[in-house]
Amino acid sequence: MRKVINYCLWLIFISLSLPVAAQSNLSIEFRTGANFTNFSYQGNFPDLKIETVDNRFYGISLMKNLPSKLSFGLDLSFHRFDINTRYLPLDTESNSGGVRSNYWSLGPKMSYDVFFLPNFGLNLGTSLLVSITNNEEYTYQGGELQIVRIGNGGPRVPVKLGGTREIEESTFVLRPELSFFYQISDKSRISITSQWGLDFREPSIVIDLNRIEFDGETYQNKYFYSGNYFSTLLGYRYSF
């Protein structure tokens, strides 16, 4: 963790120390939107699914804008999702359970503006980020899906889970992006952005359920979250 903190402080120093031409200025941009992730799967019990739900993304960038339309700066973002475990044959509201996953990312960013109309343009950018998570390793004790029930007050149908959840607490992420923007004025713009987060240390999460007990039988499943994601965001930038 100390190495991560030192890296983040170094990034802040480098970003604020970048050489700036006399006509350049600063800008701050806020973004929010939907984040898309998924788990891959291998095993012999397909009725048990692990998925990500309630995906959200928030970001803020502080940039130095050069007369050449090139910008350098610092990007800070937060994205989150719930890891949801479902027994598919039953109603999703009565047989799900999971854990909240939060990811904080910080790193240098550069971007370039291309105008194709007076107020409309395209922005190409990329960031190299250190990403850390609050996720912790976990051992399944068998009781995680004991609430599973048949509908209409039927008997309980437990799915007992045994295994582990392994986590990469910190990693490096390369995040290219593409934005379409409208320049409201010399000082402000709105944008629609697509981002692709590419994790260098994938998989980020491995859930190894080496013992799944259901209806007198035993199964095994393994699930992988690569750490990669795709985001669609709305943004507002103000220059000063």
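Where in region 197-240 does the label zone of LEU88 land, with the point 7 angstrom along Cα→C-beta and an amide N cut-off under 19 Å? In region 197-240, the label zone of LEU88 (backbone N under 19 Å from the point 7 Å along Cα→Cβ) covers 207-215, 217-225.
Spin-label pair GLN42-LEU62: with each label point 7 Å from Cα along the Cα-Cβ axis, the two points sit 4.5 nm from one another. Within region 113-143, the chymotrypsin sites (Phe, Trp or Tyr not before Pro) that combine a DSSP coil assignment with at most 11 other C-beta atoms in a 10 angstrom radius are PHE116. Here VAL53 and GLU136 are evaluated by their C-beta separation; at R0 = 22 Å the FRET efficiency comes out at 0.65. A DSSP coil position with no more than 14 other Cβ atoms inside 10 Å describes the following chymotrypsin sites (Phe, Trp or Tyr not before Pro) in region 184-231: PHE200. The trypsin sites (Lys or Arg not before Pro) of region 176-240 meeting both criteria, a DSSP state outside H, G, I, E and B (loop) and at most 12 other C-beta atoms within 10 angstrom of the site's C-beta, are LYS187. The residues neighbouring PHE240, those whose beta-carbon lies less than 14 Å from its own, together hold a net charge of +2 under the Lys/Arg +1, Asp/Glu -1 convention.
Since every read-out is calculated from the coordinates, none of them should be taken as a lab result. Predicted model, so just to flag it, every value in this text is computed and none were measured. Every residue, glycine as well, gets a Cβ built from its backbone with ideal geometry; the counts of neighbours run over all protein chains shown.
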